[in-house]
Amino acid sequence: MATQADAQELAALRALSASIGLNPHMTQAAGGNTSLKAGDTLWIKASGTWLKDALSDDIMVPVAMAPLLEAVEERDPAADTPQAFAIEELNPRGLRPSIETTVHALMPQRVVLHVHCVDTIALAVQADGEAEVARRLAGIEWAYVPYFRPGLPLARGIAEKLRPGVDVLILGNHGLVVAAETVGEAERLLRRVRSLLARPARATAAPDLAALTALAGGSAYRLPTDVEAHAVALDPQSRRMAEAGSLYPDHVIFLGQGSVVARPGEDAASVTARRGTAPMAILFPGAGVLMRGDASAGADAMLRCLADVTARVDAAARLNYLTAAENDELVNWDAEQYRQKLNAAGG
Ligand SMILES: [Zn+2]
């Protein structure tokens, strides 16, 4: 830390990060990240750590900003491995900076918050989302960045859309970035944007837990940790949206491509037999959701997220789904290392 003022801001950022991390409508599992610029150093959340642990654990890593920005500018693949830019003497635990470090470095403001805000994602998956956001964020300097894989491709996409004064980014099929000169201002901007983008969730019936227990039968499937997750199977519109494909990257990383819906008469064992593999989650129309027994805390958080997002999407809207190539890119991209890190953190 360069100065006392930087140290105070970092302490404030850790407190804000923990509160964002505890709000499932703002961030889920190891998703989302926060940062502070102190001189030439960017302090950024470490890959695989959870924002909710920002006060109890050391989750911030120092990164040398100038060489990282140079790598983005030159489209150097090194920008996709931000650990190469960590300042080792200030990083005794050898933490890896978030894959989204470049998003933070590109924003000129001192404090950057990137969240997988449910209200934002619900708009950012609609084909007409950009126009709807424009109506809601009138008076705010914001930019819409279409979907790119997190890392260098997203950084390049942001660099193309950034203009002086922009302090809000809506990331298509992904989430929200807000930036400000102080932690306090960033928090106020985050609250303001979220409330401007908020839409009510469609109400659903209660899950049928007795039916779900029967459908699990002798299999290793279990109930999800959050009762809110069942809504994605109970609401016909939400279920239709989920079944049609993957809506954002963390869904693919934690739950696999798309969502599996049981056919009439199927239980967990027959779904597994039909597919030849046991899905991380199974949606049972009218009953609720079952999770595979070994599903991580991160997988549970992402299923809850899917229910929260789809319940807010306009049922009449056309949706943008990740393409087959985009799904593959996420599954195969540094996959085991990245996913296992996240899952270990969640377990
Ligand atoms: Zn993200």
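All of the numbers you see were taken from the coordinates with simple rules; none came from a lab. If you're wondering where the values come from, they're calculated on a predicted model, not measured in any experiment. Virtual Cβ from ideal backbone geometry, glycine too; neighbours counted across all protein chains shown.
Observations on the structure shown:
- Alpha-carbon centroid distance for the pair segment 185-260 / segment 168-183, whole angstrom: 23 Å
- Counted residue by residue at 0.36 nm each, then reduced by the alpha carbon distance between them, the extension gain from Ala127 to Gln8 reaches 38.7 nm.
- Dipole check for the chain: with +1 at the C-beta of Lys and Arg, -1 at the C-beta of Asp and Glu, and the Cα centre as origin, the magnitude is about 880 Debye.
- Zero-based 5 Å bins, Cα pair distances in segment 4-197, whole percents: 1, 9, 18, 22, 22, 16, 9, 3, 1, 0
- Binned Cα-Cα distance frequencies in segment 178-242 - 10 Å width, integer %: 17, 29, 22, 19, 11, 1
- Amide N of segment 112-155 lying under 20 Å from the label point, which is placed 7 angstrom from the Cα of Gln237 along Cα→Cβ: 118-136
- Cα point-scatterer Debye curve for segment 266-326, base-10 log of I(q)/I(0) at q = 0.12, 0.21 Å⁻¹: -0.40, -1.06
- Estimated FRET transfer efficiency when R0 is 45 angstrom, pair Ala84-Ala206 (beta carbons, to 0.05): 0.35
- For segment 4-197, a simple Cβ point-charge model (Lys and Arg +1, Asp and Glu -1, everything else neutral) yields a dipole of about 540 debye relative to the Cα centre.
- All aspartates and glutamates inside 14 Å of Lys45 as judged from Cα atoms, apart from same-chain residues fewer than 8 positions distant: Asp53, Asp57, Asp58, Glu100
- Between Ala317, Ala15, Ala307, the residue with the greatest mean-square fluctuation in the GNM of the chain (Cα pairs under 10 Å linked by springs) is Ala317.
- Between the helical axis of 183-197 and the longest alpha-carbon principal axis of the chain there is an angle of about 40 degrees.
- Across segment 75-161, Cα-Cα pairs farther apart than 17 Å form 59% of the total.
- C-alpha long axis of helix 335-346 to longest principal axis of the chain, angle in °: 90 degrees
- Under 15 Å, Cβ to Cβ, from Glu70 - net charge with Lys/Arg +1 and Asp/Glu -1: -3
- Quick note on segment 36-115: its Rg to Rh ratio, both from C-alpha atoms and Rh being the Kirkwood radius, is 0.94.
- The ratio of the alpha-carbon radius of gyration of segment 116-269 to the globular-protein estimate 2.2 N^0.38 Å is 1.26.
- The chain: Cα Rg divided by the 2.2 N^0.38 Å rule of thumb: 0.98
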